[in-house]
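The values are calculated or read from the model by the stated rules, or taken from the named source; none is laboratory data. Owing to the predicted nature of the structure, the values given are computational and were not obtained by experimental measurement. We place every Cβ from the backbone using ideal geometry, glycine too, and count neighbours over all the protein chains shown. Calculation scope for accessible area: heavy atoms of the full protein, side chains included, ligands and nucleic acids excluded. Shrake-Rupley method; radii C 1.70, N 1.55, O 1.52, S 1.80 Å.
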Amino acid sequence: MKPLSALAALIAGLRILPGVGPKSAQRIAYHLIQRDRDGARKLGQSLLHATQVLKHCTRCNSFTESDVCELCSNQQRDPMLLCVVETPADQIMLEQTLAYCGLYFVLMGRLSPLDGIGPHEIHFNRLMDRATDGIVSEVVLATNFTNEGEATAHYLGQILKARGLKVSRLARGVPVGGELEYVDAGTIARAVLDRHSV
């Protein structure tokens, strides 16, 4: 089989990115080669460097260059609270709220039997070891509100509760600044069910 040309290999490489189809990959490749070769070199070097030095934190499973990440090493965090998220991007979003001061565990996915993703693929055993370390008293399940995210939260919640831990789930409802007229019925229904006293 004839090897791909350098340009074809670049386009094929760009197609592995989420949301980048054949046309977008082609446009990006031509842009980098035609207008920003220096940027292309920097991108290539930073990707190579990242793949060489980034690894999983031994405590929270997120990405870090050291054995334990900065968040897990931070003595100001509440070690009794453990928030479970699907991805490092979800962890970053929660951090940006400045509303959570505990520690994290990043699943690196969610349960999806149809896609062959079971408990092993979401590092279930590592999560259990972390959650039952004798320090954690509450686990906050912050998986996404998709079918897979809900199934993952339910599965983890049942097992964690059976181990004697307090388990909570992120609340759902009408977004801040949202007007009921423009919010979908499912979200409004969930907000009614999850209402609280004032």
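Key figures
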item	result
Length released on extending from R190 to A171, taking residue separation times 0.36 nm less the Cα-Cα span	5.9 nm
Estimated distance in nm for a label pair at A99 and A50, the labels positioned 7 Å out from Cα along Cα-to-Cβ	2.8
Inter-site label distance for I33 and V68 at 7 Å from Cα along Cβ, in nm	4.8
Mean ellipticity per residue at 222 nm, deg cm²/dmol - from DSSP H runs of n ≥ 4 across the chain, formula -39500 (n - 2.57)	-13000 deg cm²/dmol
At 1.002 mPa s and 20 °C, Stokes D of region 65-142 from Kirkwood alpha-carbon radius, µm² per second	162
Difference of contour (0.36 nm per residue) and Cα-Cα distance, N125 to A162	11.8 nm
Of all accessible heavy-atom area on the chain, the percent that carbon and sulfur account for (1.4 Å)	58
Region 148-154 - phi-based ³J(HN,Hα) in whole Hz, Karplus 6.51/-1.76/1.60, Gly and Pro as x	5, x, 5, 5, 5, 4, 4
Residue-normalised accessible area of region 105-147, expressed per residue, 1.4 Å probe, Å²	51
Cα-based radius of gyration of region 1-149 once divided by 2.2 N^0.38 Å, which approximates compact folds	1.31
FRET efficiency for E150 and K2, using Cβ-Cβ distance with R0 set to 41 Å, rounded to 0.05	0.30
Lysine pairs within the chain, Cα separation less than 29 Å, 8 or more sequence positions apart or different chains	4
Relative contact order of region 1-141, defined on C-alpha pairs under 8 angstrom at six or more residues apart (%)	17
Among beta bridges that DSSP assigns inside the chain, antiparallel share in %, nearest 5	20
Cut-off 15 Å between beta-carbons: net charge of the residues surrounding L170, Lys and Arg +1, Asp and Glu -1	-1
In nm, spacing of pseudo-spin labels at T132 and L17 (7 Å Cα→C-beta vector)	4.3
Long-range amide H partners of I117 with built H, under 5 Å	S112
Placed amide H near S168: partners under 5 Å, 5+ positions off or other chain	V139, V140, L141
